[in-house]
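Data first, discussion second: the structure below is written as structure tokens.
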Amino acid sequence: MAHTAEPAPRHLRIVGEDDIPMGVTWEAPADQVHVTDAAVSEAEKLPPLEPTPAARPEPADAATEEGERLRERVRAILADAAATSWGYVRVSGASYVEVASLWTRAEGVEDAYLSDADIAREKTRAALKKRLDRVRTEEDRKQLAKQLEALDSSWTEWKTQTGATLKAAGTRVVRGLVCVAVPIGAAVGPLYLAGSGLWWALAAYPVGYLTMAWMGRIRTLREAGPAPAATIAATEPRRKLRDVVGATAAENRILTALEGRRWEEAAKARGLEGIAPVDVALDENGIRCVLTLGGTWTTDKLRKAADRVRALLAVPTATRIEITPGDKGDESVLRIRTRAKELDTAWSPSAKGIGLDTDSGEVVDLPKGRKLVAGTSGAGKSVLVRVIMAAALISDEPTAVVYIDGKGEESALWVGKVRIAVEPEEISSVVEELVHEGNRRRDIMRERGVATWTPTKDDPRIVIVVDEGAEVMAMDSKDTPMLAGLQTIARTGRSRCLDLVWCTQKPTIGDGIDRQINGVMEIRTVLRTAGENETRQVLGTGWPNHTWTGVGLCVVKGTGRDSDQAPVAVWNLSDDATVKALPDTEPWIHPQFRGDAEGDGDAVALPDVLALALELSEGLPGVHTETLAAAAGLMDFDVSAALRECGVHPEKNAFRINGERGRGYRREVLEEAADRYRK
């Protein structure tokens with residue numbers, strides 16, 4: 001009986017030689033195989049599987065594999081070159097956008113247009129003055145005088161400012177259109193030319209692409225290149241300064257922002273590219289940094305960008321910054337006043353000048369003469385006026401003060417110390433007295449043969465303080481004339497020791513100061529102003545007063561101090577009790593108005609033109625201007641000006657003489673003026 005073996009697990013394995021697949025077969029382990037007694041015929045045995053031709057691999061071709069690898073390498077190089085060149089093109093495009101943005105903004109273009117307008121106006125003024133000197137008739141002279149006055153009126157200033165703003169806006173629009181048109185033309189132009197049959201124009205695309213890529217690569221290499229020697233040399237001092245013992249947190253932040261790489265990155269974002277800090281110092285006044293100016297930058301242009309510098313460095317608003325010329329033409333000095341010298345600015349009777357230089361601590365004094373004091377509301381103008389008046393009262397030289405208080409706010413403090421005029425009638429009267437005093441001193445100087453008045457106790461130097469100028473100008477009228485007299489004092493008072501001090505919050509021509517008065521003010525003391533226009537009108541270009549944020553600081557022009565001067569810290573005389581404690585003095589009054597012997601009866605000589613007018617009008621209704629001018633050997637305008645000083649104004653076609661009507665002066669008006677002199 002035959003015994004059959006239990007089914008055994010079968011295993012599938014590869015059968016072949018040299019690890020080359022030749023087919024598969026089932027095979028069980030040898031110890032588990034049982035066969036029957038019957039012999040298995042050879043025919044029943046399964047033959048091994050023969051490999052098919054497809055299953056046998058072809059031998060590798062070395063040349064084919066090398067070519068494939070080369071193609072892969074070339075494809076990788078081209079892809080990398082395309083990505084890199086596209087990156088450079090983007091850098092070049094960003095550079096174009098940046099340059100186009102700066103060019104379109106056209107910073108400073110308004111100032112350029114304003115400067116051109118100022119130059120044109122000065123030329124026109126000079127031409128009108130020449131014509132004014134040559135005219136012979138009063139009518140022509142009056143017309144030219146009106147044209148001169150119109151040149152400096154607030155309306156003309158507004159038109160000039162508006163015109164400059166509109167021109168600047170037009171310039172920016174045109175530049176913006178140009179910047180947009182250039183890339184559009186570069187993109188569409190070759191297609192248009194190709195459509196017209198010029199197929200070679202399509203070559204502009206690859207040429208333009210390669211050009212932009214090359215420019216982008218140059219810029220990338222330049223920005224990643226080594227720093228200039230000057231910047232490297234300046235790096236160490238800046239690092240040391242950051243660790244200065246006693247530096248405040250705010251100072252450390254500013255010093256960190258001034259480091260080369262940080263500054264460079266932030267400057268690009270703020271439109272200050274081309275400016276680099278090369279020397280930084282921390283001293284008792286704060287941070288001092290020398291900036292190199294590249295490209296088209298100048299110190300004046302950088303001053304106008306002071307707000308951007310402040311924002312870049314995160315300088316607190318209350319901290320004053322100053323930008324002045326450096327030792328070289330391509331350098332500017334940035335001063336950040338994070339510290340202040342310990343200056344004792346409390347006023348005392350022993351104090352000299354108007355205050356102390358904030359850098360040197362030295363006293364800053366003002367010479368005697370005509371002065372303009374200007375400063376916006378809250379800048380400290382009233383305190384500065386107090387200092388000037390107090391200095392005059394306690395001066396070693398005999399000095400009297402006349403205080404014309406247009407606002408009527410300060411005058412109560414000065415009662416018993418100075419001559420005060422507040423109401424229009426009071427102001428008109430005191431101005432008339434001052435004009436008469438000037439004429440009296442002129443006549444005495446002629447008799448003595450001297451050109452300059454010498455102050456005495458009886459005839460002291462007179463300091464005439466006008467505060468506020470705009471209010472006084474508004475009070476001027478036919479019933480209370482005062483501006484013409486103040487103009488006369490401003491023109492002629494210097495040699496006669498009549499010093500006019502004109503104070504105003506708005507130092508623009510026609511608003512806060514008269515054109516004629518502004519023209520003769522050789523000493524200008526200016527505090528913080530409301531804007532660049534006010535600063536330019538009162539000081540000229542290049543002065544920083546409108547950028548200040550402090551109180552009680554001023555600059556002085558006319559004494560040799562330039563626009564890069566350190567501000568003056570004005571003496572602090574804000575205490576009302578200190579003002580009231582000043583010594584009392586007898587207020588000045590013109591001799592003929594106080595009844596002195598010198599002013600009694602006919603002892604006072606009448607002005608020459610008035611005496612001649614009385615003589616020519618004897619027995620007549622009056623005298624014509626033309627007749628009086630011919631007899632005096634003067635021009636009509638000079639005659640009118642001389643009689644205006646006497647309080648006499650001409651009338652047009654007022655009366656007949658020898659059958660002819662004409663412009664002239666009535667007899668009764670001339671007699672009234674003479675009586676005022678004889679009282």
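Stretch SER477-ASP584 to full length: gain in nm at 0.36 nm per residue minus the Cα-Cα span? Intermediate results must be reported in sequence, preceding the final value.
Values: separation 107, 0.36 × 107 = 38.52 nm, distance 3.33 nm.
Fully extending the segment from SER477 to ASP584 adds 35.2 nm.
Can you find, among ILE509, SER617, PRO583, the residue sitting farthest towards the positive end of the charge dipole of the stretch 477-620, where Lys and Arg contribute +1 and Asp and Glu -1 at Cβ?
The Cα lying farthest towards the positive end belongs to ILE509.
Would you mind classifying the stretch 485-644 by shape? Square roots of the alpha carbon gyration tensor eigenvalues, ordered a ≥ b ≥ c; an a/c under 1.5 is rounded, otherwise it is prolate if a/b is larger than b/c and oblate if not. Let's see the in-between values first.
Details: a/c = 3.54, a/b = 1.75, b/c = 2.02.
Oblate, because a/c is 1.5 or more while a/b does not exceed b/c.
For the stretch 269-399, give the magnitude of the charge dipole about the Cα centre (Cβ charges: +1 Lys/Arg, -1 Asp/Glu; no others), in debye to the nearest 20. Walk me through the intermediate numbers first.
Values: 19 positive and 18 negative charges, 132 e Å.
About 640 debye.
Just to check I understand the Karplus step: with θ = phi - 60° and J = 6.51 cos²θ - 1.76 cosθ + 1.60, what whole-Hz values come out for the stretch 553-570, glycine and proline as x?
Going residue by residue, I get 10, 8, 10, 10, 10, x, 10, x, 7, 8, 5, 8, 5, 6, x, 9, 7, 5 Hz, with x marking Gly and Pro.
Name the residues whose placed amide hydrogens come within less than 5 Å of the amide hydrogen of ILE523, ignoring near sequence neighbours (fewer than 5 apart) on the same chain.
LEU372
Leaving out ligands, DNA and RNA but keeping every protein chain, what accessible area does ASP675 have, in Å² rounded to the nearest 10, with a 1.4 Å probe?
Accessible area, nearest 10 Å²: 80 Å².
Treating only the Cβ atoms of Lys and Arg (+1) and Asp and Glu (-1) as charged, compute the dipole magnitude of the stretch 145-220 about its Cα centre; round to the nearest 20 debye.
On the way: 7 positive and 3 negative charges, 48 e Å.
That gives the stretch 145-220 a dipole magnitude of about 240 debye.
Arrange the peptides 66-72, 282-288 so that the one whose residues have, on average, the most other Cβ atoms within 10 Å appears first.
Numbers: 66-72: 10.1, 282-288: 16.9.
Packing proxy ranking, top to bottom: 282-288, 66-72.
Could you order the peptides 380-386, 656-662 from most to least packed, using the average number of other C-beta atoms within 10 Å per residue?
On the way: 380-386: 22.6, 656-662: 11.6.
With the highest mean Cβ count within 10 Å placed first, the list reads 380-386, 656-662.
Can you give me the long-range amide H partners of ILE420? Hydrogens built in the peptide plane at 1.01 Å from N, cutoff under 5 Å, separation of 5 or more residues or another chain.
TYR403
Answer with one residue from GLY380, THR399, SER411: the one whose Cα lies farthest towards the positive end of the charge dipole of the stretch 372-436, charges on Cβ with Lys, Arg +1 and Asp, Glu -1.
GLY380
Mean shadow of the stretch 452-495, computed from the convex hull of its alpha carbons, in nm²?
Details: hull surface 15.6 nm².
One quarter of the hull surface, i.e. the mean projection, equals 3.9 nm².
What does the charge dipole of the stretch 423-465 about its Cα centre add up to, to the nearest 20 debye, if the Cβ of each Lys and Arg holds +1 and the Cβ of each Asp and Glu holds -1?
On the way: 7 positive and 10 negative charges, 99 e Å.
Roughly 480 debye for the stretch 423-465.
Tell me, what does the Kirkwood hydrodynamic radius of the stretch 290-346 come to in angstroms if you use every pair of distinct C-alpha atoms? If you can, show how the numbers build up before the last one.
On the way: mean 1/r = 0.0800 Å⁻¹.
Mean inverse Cα-Cα distance, inverted, gives 12.5 Å.
Farthest toward the dipole's positive end in the stretch 397-542, which of PRO424, ALA470, VAL435, given Cβ charges of +1 (Lys, Arg) and -1 (Asp, Glu) about the Cα centre?
So the residue furthest toward the plus end is VAL435.
Please list the non-local residues whose amide H lies under 5 Å from the amide H of ALA400, H modeled 1.01 Å from N, same-chain partners needing a gap of 5 or more.
ARG461, ILE462, VAL463
The values are calculated or read from the model by the stated rules, or taken from the named source; none is laboratory data. The model shown is predicted, which means the values in this text are computed figures rather than measured ones. Don't worry about glycine lacking a Cβ; one is built from the backbone with ideal geometry, like all the others, and counts go over all protein chains shown. Accessible surface areas use protein heavy atoms only, side chains included; no ligands, DNA or RNA. Shrake-Rupley method; radii C 1.70, N 1.55, O 1.52, S 1.80 Å.
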